[in-house]
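The values are calculated or read from the model by the stated rules, or taken from the named source; none is laboratory data. Predicted model, so just to flag it, every value in this text is computed and none were measured. Here the Cβ is made from the backbone with ideal geometry for all residues, glycine too, and neighbour counts use every protein chain on show. We work out accessible area using only protein heavy atoms, side chains counted, and drop any ligands, DNA or RNA first. Shrake-Rupley method; radii C 1.70, N 1.55, O 1.52, S 1.80 Å.
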Amino acid sequence: MVPALRYLVGARGRARGALFGSFPWACGPASGRPRPLCGGGRSASTSSFDIVIVGGGIVGLASARALILRHPSLSIGVLEKEKDLAVHQTGHNSGVIHSGIYYKPESLKAKLCVQGAALLYEYCQQKGISYKQCGKLIVAVEQEEIPRLKALYERGLQNGVQGLRLIQQEDIKKKEPYCRGLMAIDCPHTGIVDYRQVALSFAQDFQKAGGSVLTNFEVKDIEMAKEGPSGSIDAE
């Protein structure tokens, strides 16, 4: 058995194909039909993809971008049921660029968060995407919270978070006059960004590299297709 996208239904069309094989799709000027975004991508007459990614949020677009940059010979498509990209969770969050201080040392989350933050700042600078590396204070307001604060500080150092320092009351006031506490961790690499802008930039990169993005194309059903004797996918 191999994974297959067997029935992918847009507003007025049906397509069949395999997740890692051919992926036929219909695209036309009729209202409500699946439509490719402007710029880049494969021709509207193209009838198949090697890989299809379902969902045009930041995860799907980042995955598509990474795949096509690593495997430029593959034809890759992104399907999004809405008329625009990144209109759900991607565009409705706090926009925090996390430093990676909280995660368990040596965990995948810790490694990816620290590395990802550095890569995101670099990417935003390259693409001219606005962000603010505002930093944050993690504050102990009670005496019994200080040991936990120090333990968190040590965890951040183990995770490789850059620029961490423990500061006292007077430095807390200097950094944030409206904040009161006994001790704080100054975490300067925390920031904020509009992740929808980042996602749309990923989409542009993906299309410039030859990928196709189809909006207004909702996946209605996914089934497993049997592998035929010759190794081909039976999508009947």
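Starting from the stretch 114-127, take each residue that is within 16 Å of ILE58 (Cβ to Cβ) and list its partners that are in a helix (DSSP H, G or I), counting only C-beta distances under 8 angstrom and pairs at least six apart or across chains.
LEU120/VAL198; TYR123/VAL198; TYR123/SER201; CYS124/VAL198; LYS127/SER201
Can you confirm whether ILE172 is open to solvent by less than 70 Å² (accessible area, probe 1.4 Å), within 29 Å of LEU74 (Cα to Cα) and out of contact with any Pro (no Cβ under 8 Å at 6 or more places or on another chain)?
For ILE172, the condition - open to solvent by less than 70 Å² (accessible area, probe 1.4 Å), within 29 Å of LEU74 (Cα to Cα) and out of contact with any Pro (no Cβ under 8 Å at 6 or more places or on another chain) - is not met.
Which residues, taken from the stretch 34-54, are closer than 12 Å to ALA203 by Cβ and either modelled with pLDDT of 95 or more or in a helix (DSSP H, G or I) (or both)?
ILE53
Take residues that are out of contact with any strand residue (DSSP E or B) (no Cβ under 8 Å at 6 or more places or on another chain), modelled with pLDDT of 95 or more and among the hydroxyl-bearing types (Ser, Thr, Tyr) and tell me which of the helices (runs of 4 or more DSSP H) falling wholly in the stretch 66-182 contain 1 or more.
108-127
Could you tell me which residue of the stretch 139-169 is surrounded by the most Cβ atoms within 10 Å (Cβ to Cβ), considering only residues that are within 23 Å of LEU108 (Cα to Cα) and of a type in the set (A, V, I, L, M, F, W, C)?
Restricting to residues being within 23 Å of LEU108 (Cα to Cα) and of a type in the set (A, V, I, L, M, F, W, C), the top hit is VAL161.
Return the residue satisfying two criteria in turn: it lies in the stretch 83-104 and is exposed (fewer than 15 other Cβ atoms within 10 Å of the Cβ) and touching a residue at least 60 places away in the same chain (Cβ under 8 Å), and of such residues it is farthest from the chain's Cα centre (by Cα).
This residue is LYS83.
Being open to solvent by less than 20 Å² (accessible area, probe 1.4 Å), within 30 Å of GLU144 (Cα to Cα) and not hydrophobic (A, V, I, L, M, F, W, C) is true for just one of GLY211, GLY191. Which residue is that?
Only one candidate qualifies: GLY191.
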